[in-house]
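Read the structure below first, then the notes.
Any read-out appearing in this document is the output of simple, stated calculations on the displayed coordinates, not a laboratory observation. Since the model is a prediction, treat every value here as computed from it, not as a measurement. Cβ placement follows ideal geometry from the backbone for every residue including glycine, while neighbour counts extend to all protein chains displayed.
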Amino acid sequence: MKKNILAKIIVSLSVVAVGVSAYIFTPQFSELASLSNKKDMIKVLIVPGHEPNAGGADEFKKIKERDLNLQLSKLIVSKFASSSNIEIILARDTNGWNSDLKNYVETSSSTILKWVADMKTEMLAKINSGQMKLINPGMKHNVAASNAVLYLYSTNKWIAEKNIDLVLHVHFNNNPKINGRPNYRGYCMYVPDGQYNNASSSLILAKYLDVEISKIEKKSNMPQESKIIIPDQQLIATGNFDTLKIPSVVIEYAYIYEPMMLSSSTRNNFIEKAASSTAVAIKNYIANTFR
């Protein structure tokens, strides 16, 4: 496929990077019983947000979000070193994209884009027939770059083919500010819209994460993030067009301009705590779900 045609298809499928949905779906922890599925090896994908050595990530006083995302993700992986029944896979590392994922994108882009187009068509048919409701985001969204769109959708398809059991997207927050000043703080997380197939399992995973992250950081004080666990219909990372069947959560651990993020020592201390809290949450989720 010619590059210009590929680019047009990618742009036509582009959706926002972050958003707030008005549709709320709130299953309880008791629903874990219906999700139980005994497995000998659980595969967890950790996705450090944003592309390696590329734009699209936030930056504040030379603190780059994509670097923080990778630092935290690598520490999360290290917390599972002694776990014999949990395999942790990184979507990218210091050297760039996971080589298997990169090869998948480079050799299967046409197939991937057709799959996304088919999923989009199926979702639109459900909306037109009244089986699904289209949810408008509650705040302005950032549009993902075309290459990022391709990698995010490719990751969703790759996840199914690799039999991965859950995925976590690691991010730090930055915008918006109040009158140009950094006044917000705290964490929040995004889960799939309640109408998607992976909504229930994702929300349960998010609740485990919320329990642990709340021990080390305040909940977001940004009004649009006040629900903390925010259902979203448009995020590719959580399964836009129903492109994911497994639990997926996008975490914004903190705003990168918060006081503890400005000094390397306090920043590293927070990231270490965040990694430990995340690992505990994932292990608790797995222990109570895959049995």
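Work out, step by step, the length gained on full extension between Ser108 and Ala160: first 0.36 nm times the residue separation, then minus their alpha carbon distance; give nm to one decimal.
Answer, rounded to one decimal: 17.3 nm.
With the Cα gyration tensor of the stretch 163-291 giving a ≥ b ≥ c as the square roots of its eigenvalues, does the rule (a/c under 1.5 for rounded; else a/b larger than b/c for prolate; else oblate) give rounded, prolate or oblate? Before the final figure, lay out the partial values.
On the way: a/c = 2.32, a/b = 1.40, b/c = 1.66.
The shape class here is oblate.
Along the Cα→Cβ direction, 7 angstrom out, place labels at Lys39 and Ser265. What is the inter-label distance in nm?
A separation of 4.2 nm, rounded to one decimal place.
Grab the Cα-Cα distance for Lys133 and Lys61, subtract it from 0.36 nm times how many residues apart they are, and report the gain in nm with one decimal.
Values: separation 72, 0.36 × 72 = 25.92 nm, distance 4.14 nm.
Between Lys133 and Lys61, full extension yields 21.8 nm more.
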